[in-house]
Amino acid sequence: MSLKTFKGGVHPGYHKSATEQKPVVPAKPPAVAIIPLSQHIGAPCEPLVAVGDEVKMGQKIGDSKGFVSAPVHASVSGKVTKIAKCNSALGRPVDAVFIENDYQDTWHESVQPHPDWENLTADELKKIVREAGIVGMGGATFPTHVKLSPPADQKIDYVLVNGAECEPYLTADHRAMLERPEDIVCGLKLAMKIVAAPKGFIAIEDNKPDAIEALQKAVAGEENIEVAVLHTKYPQGAEKQLIKVLTGREVPSGGLPAAVGCLVQNAGTCIAIANAVRKGLPLIERIVTITGSGIKEPQNMLVRVGTPVAEVVEQCGGFTANLRKVIIGGPMMGLAQPGVADLPVTKGTSGILCLTDKEVTIDEIHPCIRCGKCVDVCPVSIMPLFIGSSVEQGLYDRAEKYNALDCIECGCCSYICPAKRPLTQWIRMAKGEIAAKKAAAK
Amino acid sequence: MENKLIVSSSPHIKSPESIKSVMSDVLVALFPAVLAAVIFFGLPALITILVCTLAAMLTEAIILRNKNIFGDGSAAVTGVILALTLPPNPPWWLCVVGSVAAITIGKHVFGGIGNNIFNPALVGRALLLVSWAGHMTNWLTPVELTATATPLASSSHPGFFNLFVGAVPGSLGETSALALLLGAAWLFYKGHISWRIPCTFLAAVFVMGSLLDGGFSLSQGLFHVLAGGVMLGAFFMATDMVTSPVTPRGQLIFGLGCGVMTMLVRLYGAYPEGVTFAILLMNALVPLIDNMTLPRKYGEVAK
Ligand code: SF4
Ligand code: SF4
């Protein structure tokens, strides 16, 4: 099988060895689960419970009427102690339901397996996915049932499972593929059924040969599913890049994958779909990689949604003394946190990355030496250096002309720049300014 | 512990490369050419290179009020490259004037590193060339060190082997194609230069040399590639990051333009050598070239 890859990209150090051989272990359930009412892109949920209510595991405790939204569920059984703000990885406080755990793990009666799952219709399946609160688990947290509802005039030809896990350090998807390949294939087949796609791909980078093998075994006999081996390069798993590599199609600028007949699902999301459809399980736990030289015992853990990050860290031996940065997500696209107090693990938490003063440097910003490296690595072929200098001068119109809006914020340009220019950050700023201006013009 | 946490925008890891490391790589790449110059021309060559480099570094350190004289290494690169364009035994003051001019007029007048339009070393060289033409064309035969003409200005052909290893008269770094190729291979391996500029540059020189210098002759084309400053220019001067295009297509056009201009000067101009002016001229066009050759972005919809 030939190795497939995309244009641009970088080869950062992968640092996956600390956790890639470690099987997923269940984390201790939290004493108090903090379930944010907004763990997805889209409308936040309204609480369906009140302070003092007894709730059971898997019970829906928040929902929204908005289409682009996903309900949230109790990840423990116990008593609602308060409904108040908690911190979110994005830095803004969000409303959350605090549940004191009674440690009984009593399942709610709504959690019922669907014995006839193989005979369910696409619409029934989609409803199950929505009710289970499934969102993109690679970090984007876009509600999955919305993704599974492309416009009627757009036929989906391919469903792609993103198992590239190109972010350095993270191994959650890798372990998921190794330990639960059948679930992934089942989730993929269900997604293909929902959107009536004739063909499925499971894309994995070639630095995970064991996962490739496991999935090849799992798809044996499935004629319309192919395991595609990709060259190991960041950001191989970026949605648009993955589509181009596997199908040769390009998502039009500003458009969605459905416009070219594609649908991309993260490997973890596939498992969640399979669990919801077969076992009736809502999304109340996920695999999280806790890693980096700032944590004493790096691990992959199956963590209940709502578990405070601090408790998870404690189960990994705690932080090291020289900790300098805590990141939710991976090192290229993750979000640095000012602290871990009142910060729960959510549906989108793929990793808790702890870096020390060895990795965290504060670099002086130098003038651009026009080395062109940012242009070479940019996977969407825009001009990071020109956008950067436009932003420096406050020229957001010019930044837009250089296609700032097409940036996928992969971070490659900032990573490679020898002048240590924070290009990605500047481009993000430009996107914000341009969007604000467009909104004002309306 | 928590108040020590750093909150910054992603990405959270950076490649180890810095301007200093890039410039150091360029200096390493220049080393074979420096060595060849010293082997062929002896102590005077070494002194010339040292004086140029020191003068360039000092000038920059003074302008930037930098206590560390090496700084980011870019001034040293300019100094070495300037030295390699000089004849083997120039007066010391010529070296100093050239270096000071390169760093001040060529670089800091425009706002310092990254902002200069023209290759600083070539600005220095151009100034010396028009001011002290005699000193600048005082060629010596290598090893024997007797006065002679550069192969470009003479009628006798020195032989390709000599041209390739560098045992021919000429500027310090212009002589040995082998040494330059070794250095260029290093830069290529390190990812600091791409093939686009040097290859189109050399291709244009080869084609025009083969066709236009006294009828069709491939060996004449090869001669034009190996003789004079083409190799040095193609691998170390036209590829200067600051003053060459950043777009892939722009680099092709730029290299081609450098080659064509070089040959126009060589074949029809007043000077025997045209590399300096060809590159300077193309430098001036870089902003234009960049903007005309923006790559097609992912998902660009035809309008
Ligand atoms: S990588 Fe940095 S120094 Fe190089 S061109 Fe881009 S912005 Fe300029
Ligand atoms: S400009 Fe955007 S898409 Fe391009 S490398 Fe930088 S962050 Fe990635």
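The values are calculated or read from the model by the stated rules, or taken from the named source; none is laboratory data. These numbers come from a predicted model, not from an experiment. Cβ placement follows ideal geometry from the backbone for every residue including glycine, while neighbour counts extend to all protein chains displayed. Accessible surface areas use protein heavy atoms only, side chains included; no ligands, DNA or RNA. Shrake-Rupley method; radii C 1.70, N 1.55, O 1.52, S 1.80 Å.
Which of the lysines could be linked to A:Lys22 by a straight reach, that is with a Cα gap under 17 Å, when you skip same-chain ones fewer than 8 residues away? List returned: A:Lys208, A:Lys296. Counts of other chain beta carbons within 10 angstrom of each beta carbon in peptide A:377-383 average 4. At full extension, B:Ser8 and B:Asn115 could sit 35.8 nm farther apart than now, given 0.36 nm per residue minus the alpha carbon distance.
I need the calculated FRET efficiency for the pair A:Lys358 and B:Ala270, taking r as the beta carbon distance and R₀ as 56 Å, to the nearest 0.05. Before the final figure, lay out the partial values.
Details: r = 59 Å, r/R0 = 1.06.
Given R0 = 56 Å and the Cβ-Cβ separation, E is 0.40.
Rg and Dmax of region A:117-279, both derived from C-alpha coordinates alone, stand at 14.4, 40 Å. Considering only B:His108, B:Asn162, B:Leu187, the residue lying farthest towards the positive end of the dipole of region B:19-291 is B:His108, judged by Cα position with unit charges set on Cβ.
Note on region A:206-265: with charges restricted to the Cβ of Lys and Arg (+1) and Asp and Glu (-1), its dipole about the Cα centre is near 260 debye.
For region A:373-441, lysine pairs separated by 8 or more sequence positions, or belonging to different chains, with Cα-Cα distances below 23 Å total 7. Here is how the number arises for chain A: DSSP H runs of 4 or more residues each give -39500 (n - 2.57), the sum is divided by the residue count, and the result at 222 nm is -7500 deg cm²/dmol. Most fluctuating residue of A:Cys354, A:Cys186, A:Cys371 in a GNM of chain A with Cα springs under 10 Å: which is it? Sorting by GNM fluctuation, first place goes to A:Cys371.
Mind checking the mean number of beta-carbon atoms from other chains within 10 Å of the Cβ atoms in A:193-202? Other-chain Cβ atoms within 10 Å of each residue's Cβ, averaged: 0. When B:Lys67, A:Lys420 are compared by accessible surface with a 1.4 Å probe, the order from highest to lowest is B:Lys67, A:Lys420.
Given a Förster radius of 22 Å and the C-beta distance between B:Ala284 and B:Val130 as r, what FRET efficiency does 1/(1 + (r/R0)^6) yield to the nearest 0.05?
0.85
Taken along its three principal axes, the alpha carbon spread of the protein assembly as shown comes to 100, 54, 52 Å, from the longest extent down to the shortest.
Evaluated with a Cβ-only charge set (Lys, Arg +1; Asp, Glu -1), region A:117-279 carries a dipole of roughly 340 debye about its Cα centre, given to the nearest 20. Extending 7 Å from Cα along the Cβ direction at B:Tyr189 and again at A:Lys193 yields two label points whose distance is 5.6 nm.
Taking only pairs that are 8 or more places apart or on different chains, how many Lys pairs in chain B have Cα atoms under 20 angstrom apart? For chain B, the number of qualifying lysine pairs is 5.
Using helices alone, what [θ] at 222 nm do you get for chain B, with -39,500 (n - 2.57) per DSSP H run of 4 or more residues, divided over all residues and rounded to the nearest 500? Numbers along the way, then the final one.
Working: 12 runs with 169 residues, N = 303.
Estimated from H runs of four or more residues: -18000 deg cm²/dmol.
Hydrodynamic radius of region B:1-120 by the Kirkwood approach over all distinct alpha-carbon pairs: 15.7 Å. Eigen-decomposition of the gyration tensor built on the alpha-carbon atoms of region A:98-168 gives equivalent ellipsoid semi-axes of 28, 21, 12 angstrom, largest listed first.
The length gained on full extension between A:Phe142 and A:Gln21, counted as 0.36 nm times the residue separation minus their Cα-Cα distance, comes to 40.6 nm.
Only lysines eight or more places from A:Lys193 in sequence, or on another chain, were considered; those with a Cα closer than 19 Å are A:Lys126, A:Lys127, A:Lys147, A:Lys155, A:Lys279. Of all GluC sites (Glu not before Pro) in region A:301-373, which ones are in loop regions per DSSP and have a Cβ with at most 14 other Cβ atoms within 10 Å? Filter output for region A:301-373: A:Glu364. GNM remark for chain A: springs join alpha carbons under 10 Å apart, and the peak mean-square fluctuation among A:Gly136, A:Gly254, A:Gly237 falls on A:Gly254.
Ignoring ligands, DNA and RNA, what percent of the 1.4 Å accessible area of region B:264-303 is carbon and sulfur?
Working: 1490 of 2170 Å².
That share works out to 69 percent.
Scoring A:31-38, A:246-253, B:226-233 by mean Cβ neighbours within 10 Å over their residues and listing the highest first yields B:226-233, A:31-38, A:246-253.
Is any residue of region A:388-414 close enough, with backbone N under 11 Å, to a label point placed 7 angstrom from the Cα of A:Ala436 along the Cα-Cβ axis, and if so, which? Of the residues in region A:388-414, none has backbone N under 11 Å from the label point off A:Ala436. Overall form of region B:216-303: prolate. Here a/c, set by the Cα gyration tensor axes a ≥ b ≥ c, is 1.5 or more, and a/b is the larger of a/b and b/c.
Ignoring the sites themselves, what is the longest stretch of chain B with no chymotrypsin sites (Phe, Trp or Tyr not before Pro) in a DSSP loop and at most 13 other beta-carbon atoms within 10 Å? Walk me through the numbers on the way to the answer.
Details: sites that count: B:Trp195, B:Phe216.
By the stated rule (loop sites, at most 13 other Cβ atoms within 10 Å), B:1-194.
Between A:Lys217 and A:Ile41, the simple spin-label model (points 7 angstrom out along Cα→Cβ) gives 3.6 nm.
Ranking request for peptides A:161-173, B:77-89, B:283-295, B:46-58: highest mean number of other beta-carbon atoms within 10 Å first, then the rest in descending order.
Values: A:161-173: 28.7, B:77-89: 27.1, B:283-295: 16.9, B:46-58: 22.2.
So the peptides A:161-173, B:77-89, B:283-295, B:46-58, ranked by packing, come out A:161-173, B:77-89, B:46-58, B:283-295.
Assuming R0 = 35 Å, what is the FRET efficiency of A:Ala84 and A:Leu405, from their Cβ-Cβ distance, to the nearest 0.05? FRET efficiency, A:Ala84 to A:Leu405: 0.45.
Within the listed set B:Val246, B:Val38, B:Val100, the Gaussian network model of chain B (springs between alpha-carbon atoms below 10 Å) gives the highest mean-square fluctuation for B:Val246.
Overall, the anisotropy analysis places region A:373-441 in the prolate class: the square-rooted eigenvalues a ≥ b ≥ c of its C-alpha gyration tensor yield a/c not less than 1.5, with a/b exceeding b/c.
If I take every Cα pair under 8 Å that is 6 or more residues apart in chain A, average their sequence separation and divide by the length, what percent do I get for the relative contact order? Present the calculation step by step, with values, prior to reporting the outcome.
Values: 1050 pairs, mean separation 83.2, N = 442.
Reported relative contact order: 19 percent.
Using a/c under 1.5 as the rounded threshold, could you call chain A rounded, prolate or oblate? The axes a ≥ b ≥ c are square roots of the C-alpha gyration tensor eigenvalues, and prolate needs a/b larger than b/c, oblate otherwise. Don't skip to the answer; put the middle values down first.
On the way: a/c = 1.44, a/b = 1.22, b/c = 1.19.
Rounded.
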